[in-house]
Amino acid sequence: MVKDMGTGHEILKFATGWEAITGTVTSTGVEAGSDGRKILKAGTILGAATNGKTIIVDRDKAKATASSDAECVLLEDTDVTAGETVAPLLTKGYVDLAKYASGDAPSSTLMGYLKANNPMIVFVG
């Protein structure tokens, strides 16, 4: 079951000029919160769930990543408690770092991995 967390496109810096694809997001590596739900927050950087594949080209499943396979950014909060679910994946646009909750912004290393794989996503703020 997909639960809409109501966040919309809050991570975007601008309302226009962005592009997204839909993709299947896995619960791999996602820990449940105190309420028992596994929520990936908008702005989470995603990489392919299968080694050697890509999300954008091969339409492979996506998982949260902190490594060099970073390709896109999760556009909305996504509940993966019940397992895989379809979600919007930002492939082009400006992400506003000021819109991340304190301590949730990606590291400069992770943003560098994403920039190397997909220079059409730019972090500002």
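Structure notes:
- Top-ranked residue in region 15-50 [being part of a loop (DSSP other than H, G, I, E, B) and of a type in the set (D, E, K, R); ranked as farthest from Tyr94 (Cα to Cα)]: Asp35
- Of all residues making up region 13-70, the number that are under 18 Å from Asp104 (Cβ atoms), out of contact with any strand residue (DSSP E or B) (no Cβ under 8 Å at 6 or more places or on another chain) and hydroxyl-bearing (Ser, Thr, Tyr): 1
- Those strands (runs of 3 or more DSSP E) of region 51-125 in which at least 3 residues are surrounded by fewer than 19 Cβ atoms within 10 Å (Cβ to Cβ), considering only elements entirely within it, cover 85-96.
- Verdict on Gly36 being under 20 Å from Tyr113 (Cα atoms), at pLDDT 95 or above and either surrounded by fewer than 16 Cβ atoms within 10 Å (Cβ to Cβ) or not hydrophobic (A, V, I, L, M, F, W, C) (or both): no
- Thr7 meets the conditions (1) within 21 Å of Ser102 (Cβ to Cβ); (2) surrounded by 21 or more Cβ atoms within 10 Å (Cβ to Cβ); (3) of a type in the set (Val, Ile, Thr); (4) at pLDDT below 95 in every case but one. The failed one is (2).
- Restricting attention to region 51-61, the residues that are among the small types (Gly, Ala, Ser) and under 19 Å from Val95 (Cα atoms) total 0.
- Residue satisfying condition, being touching a Lys or Arg at 6+ places or on another chain (Cβ under 9 Å) and not basic (Lys, Arg), within set Ala62, Ala82, Ala116, Ala66: Ala82
- Boolean, Ala64 is of a type in the set (A, V, I, L, M, F, W, C) and under 9 Å from the mean Cα position of the chain (by Cα): yes
The values are calculated or read from the model by the stated rules, or taken from the named source; none is laboratory data. This is a predicted model, so every value here is computed, not measured. Positions of Cβ are generated from backbone atoms using ideal geometry, with glycine treated the same way; all protein chains shown enter the neighbour counts.
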